[in-house]
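Enquirer: First the structure, which I've put down as structure tokens, then a few questions once you've had a look.
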Amino acid sequence: MPVFNSAFTVRAPLQAVVDFHFSPGAFQKLTPPGMPMRLLQADPLAEGSITRFSLGLGGWRAEWVAVHSGVDSSGFTDSQLEGPLARWEHRHQFTELQPGVTRLHDRIAYEYKPGSAYWWTRLLFSPLALRFLFAWRYLATRHAVRRRAG
């Protein structure tokens with residue numbers, strides 16, 4: 001099963017990073033422009049909360065339902081309950097390296113569904129596509145926490 005890791009640091013206090021990730025609209029801000037995603041439900045981030053969205057490529061679409069667990073000021077995990085992948089567990093970890101500097105580490109364990117019906121997931125969630133997604137998330141996070149501090 002593939003595992004994807006991404007880590008970056010931002011010049012912002014831990015609490016600013018936590019506040020951003022827990023804020024309404026964070027999911028949309030962390031989604032790159034042009035990504036074929038439509039948000040359907042976003043409960044406030046808490047233990048057991050649900051995020052529901054649809055995504056696809058061309059004529060192929062699927063609904064994704066994620067549940068959150070391990071939610072605290074050090075991070076949270078979102079796990080796919082329903083969706084186009086066989087498995088998706090994404091841990092978001094926040095660590096204060098020093099006052100005003102925070103490290104974000106994302107670890108995703110995922111598995112594609114077999115067969116040709118979900119070929120498009122191999123494009124949207126390829127290692128290269130995930131690198132692009134997390135490069136965007138770095139920029140979006142950095143921008144958001146600077147605006148909060150500014």
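The values are calculated or read from the model by the stated rules, or taken from the named source; none is laboratory data. Keep in mind the model is a prediction, meaning the values are calculated, not measured. Reconstructed Cβ throughout: ideal geometry from the backbone, glycine too, with neighbour counts over all protein chains shown.
Enquirer: Quick check, is Pro32 surrounded by fewer than 16 Cβ atoms within 10 Å (Cβ to Cβ) and of a type outside the set (Asp, Glu)?
Expert: Yes.
Enquirer: Additional query: Look through segment 12-29, keep the residues that are outside any helix (DSSP H, G or I) and within 15 Å of the chain's Cα centre (by Cα), and return whichever of them is surrounded by the most Cβ atoms within 10 Å (Cβ to Cβ). It would help to see each step written out before you state the result.
Expert: Of segment 12-29, the ones outside any helix (DSSP H, G or I) are 12-13, 23-25.
Those left that are additionally within 15 Å of the chain's Cα centre (by Cα): 23-25.
Numbers: Ser23: 14, Pro24: 9, Gly25: 11.
Out of the qualifying residues, it is Ser23.
Enquirer: So which residues in segment 4-49 are charged (D, E, K, R) and free of Cβ contacts under 8 Å to residues at least 40 places away in the same chain, if there are any at all?
Expert: Taking segment 4-49 first, the residues charged (D, E, K, R) are 11, 19, 29, 38, 43, 47.
Within segment 4-49, Arg38, Asp43, Glu47 meet the criteria.
Enquirer: Please find, within segment 66-80, the residue that is surrounded by the most Cβ atoms within 10 Å (Cβ to Cβ) out of those that are of a type outside the set (Gly, Ala, Ser) and within 16 Å of Tyr110 (Cβ to Cβ).
Expert: The qualifying residue surrounded by the most Cβ atoms within 10 Å (Cβ to Cβ) is Asp78.
Enquirer: Follow-up. In segment 69-124, what residues are out of contact with any helix residue (DSSP H, G or I) (no Cβ under 6 Å at 6 or more places or on another chain), within 21 Å of Glu47 (Cα to Cα) and among the small types (Gly, Ala, Ser)?
Expert: Ser69, Gly70, Ser74, Gly75, Ser79, Gly83, Ala109
Enquirer: Restricting to segment 130-149, name every residue that is closer than 20 Å to Pro2 by Cα and surrounded by 14 or more Cβ atoms within 10 Å (Cβ to Cβ).
Expert: Initially, segment 130-149 is screened for residues closer than 20 Å to Pro2 by Cα, giving 130-135.
Of everything in segment 130-149, those that are closer than 20 Å to Pro2 by Cα and surrounded by 14 or more Cβ atoms within 10 Å (Cβ to Cβ) turn out to be Leu130, Leu133, Phe134.
Enquirer: Another question, then. Checking Ser49 against (1) surrounded by fewer than 14 Cβ atoms within 10 Å (Cβ to Cβ); (2) modelled with pLDDT of 95 or more, which test does it fail?
Expert: It is condition (1) that Ser49 fails.
Enquirer: Could you please let me know if Arg103 is closer than 14 Å to Arg137 by Cα and surrounded by fewer than 17 Cβ atoms within 10 Å (Cβ to Cβ)?
Expert: yes
Enquirer: Of the numbered conditions (1) within 25 Å of Trp60 (Cα to Cα); (2) surrounded by 14 or more Cβ atoms within 10 Å (Cβ to Cβ); (3) at pLDDT 95 or above, Met37 fails exactly one; give the number of that condition.
Expert: Among (1) within 25 Å of Trp60 (Cα to Cα); (2) surrounded by 14 or more Cβ atoms within 10 Å (Cβ to Cβ); (3) at pLDDT 95 or above, the lone unmet condition for Met37 is (3).
Enquirer: Hey, another quick one. So which residues in segment 106-128 are surrounded by fewer than 16 Cβ atoms within 10 Å (Cβ to Cβ) and hydrophobic (A, V, I, L, M, F, W, C)?
Expert: Listed by number, the residues that qualify are Ala109, Ala117, Trp119, Leu123, Leu128.
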